[in-house]
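The values are calculated or read from the model by the stated rules, or taken from the named source; none is laboratory data. Small disclaimer: the values here were computed from a predicted structure and weren't measured. Don't worry about glycine lacking a Cβ; one is built from the backbone with ideal geometry, like all the others, and counts go over all protein chains shown. Side chains included, ligands, DNA and RNA excluded: accessible areas come from the protein's heavy atoms. Shrake-Rupley method; radii C 1.70, N 1.55, O 1.52, S 1.80 Å.
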Amino acid sequence: MTPINVLAIAGSLRRGSWNRRLLEAAQELAPAGMRIDIADIADVPLYDGDRDTDDTRPQAVGSLKQQVALSDGLLIATPEYNHSVPGVLQNAIDWISRPAMRSPLAGKPAAIIGSSPGALGATRAQQHLKLVLMATLAQVLPHPGVSIGMVAEKFDTSGKLVHEPTRQFVTGFLAEFDAWIRRVGRPIDERRIRAA
């Protein structure tokens, strides 16, 4: 079976972020043949249309766009800030999705997960993020999402996901994402064009 390369983005810059840890758990629980690499968005500046040209685009943005373009799928783990998507994550998506006719998100298989210390597990942020990704023409996995509430109780002190029902759920979700990528993903040649 053809290997699948997934780029993952955590919607929090916080050191020790629960959503970063969730992506690290996804790396461990990914099905055979799926590799998950976690992108760093800490150096992505605030979106500025005057700098969004081939000659002036910030290096961190160009690198992120290329990573997205060359991946087979995009996995985003989002926390919830004020009932919505964190600004740093929205900002990264704004950069990646422009210019619209060359967006590496168009047609990209994408999946959303999230966690929070509260009971709801970032469900509202995930719904908002789904709308944002649909606006970029990403192919969002039709799934209610992975909403992990009371997240601190599900990881041990070393940052490892140890709650077995959650591990099983994430494992099943990633298997569904693998199948979705294989069903709707674009050939690598088309993705290289969008990375240029």
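Observations on the model:
- Test: V44 is under 30 Å from V170 (Cα atoms), out of contact with any Gly (no Cβ under 7 Å at 6 or more places or on another chain) and not in a helix (DSSP H, G or I): yes
- Just one residue in the set L137, L129 is surrounded by fewer than 17 Cβ atoms within 10 Å (Cβ to Cβ) and not hydroxyl-bearing (S, T, Y); that residue is L137.
- Scoring D94 on the criteria (1) in a loop (DSSP other than H, G, I, E, B); (2) without any contact (Cβ under 8 Å) to a residue 60 or more places away in the chain; (3) not hydrophobic (A, V, I, L, M, F, W, C) leaves a single failure, condition (1).
- Taking the criterion of being outside any loop (DSSP other than H, G, I, E, B), surrounded by 18 or more Cβ atoms within 10 Å (Cβ to Cβ) and of a type in the set (S, T, Y), the only residue of region 66-89 that qualifies is T78.
- Selection within region 107-135 - of a type in the set (S, T, Y) and either closer than 23 Å to A30 by Cβ or at pLDDT 95 or above (or both): S115, S116
- Tally, over region 50-63, of residues that are closer than 9 Å to W95 by Cα and open to solvent by 40 Å² or more (accessible area, probe 1.4 Å): 0
- Here H163 passes the criteria (1) within 25 Å of P31 (Cα to Cα); (2) crowded, with 21+ Cβ neighbours inside 10 Å except the one numbered (2).
- Condition check for R15: among the basic types (K, R), under 29 Å from G149 (Cβ atoms) and either touching an Asp or Glu at 6+ places or on another chain (Cβ under 9 Å) or assigned to a helix (DSSP H, G or I) (or both): no
- M150 surrounded by fewer than 22 Cβ atoms within 10 Å (Cβ to Cβ), at pLDDT 90 or above and under 14 Å from the mean Cα position of the chain (by Cα): no
- Index of the failed condition, R15 passing every other in (1) open to solvent by 70 Å² or more (accessible area, probe 1.4 Å); (2) modelled with pLDDT of 95 or more: (2)
- Long-range neighbours under 7 Å by Cβ, at least six apart or interchain, first residue closer than 17 Å to S97 by Cα and without any contact (Cβ under 8 Å) to a residue 40 or more places away in the chain within region 36-51, second open to solvent by 40 Å² or more (accessible area, probe 1.4 Å) and in a helix (DSSP H, G or I): A39/Q67
- Of all residues in region 18-41 being in a loop (DSSP other than H, G, I, E, B) and open to solvent by 60 Å² or more (accessible area, probe 1.4 Å), the one that is farthest from L174 (Cα to Cα): D40
- Test for R102: is it out of contact with any strand residue (DSSP E or B) (no Cβ under 6 Å at 6 or more places or on another chain), farther than 23 Å from N82 by Cβ and surrounded by 13 or more Cβ atoms within 10 Å (Cβ to Cβ): yes
- Of the criteria (1) open to solvent by 80 Å² or more (accessible area, probe 1.4 Å); (2) modelled with pLDDT of 90 or more; (3) over 22 Å from I4 (Cα atoms), which one P142 fails: (3)
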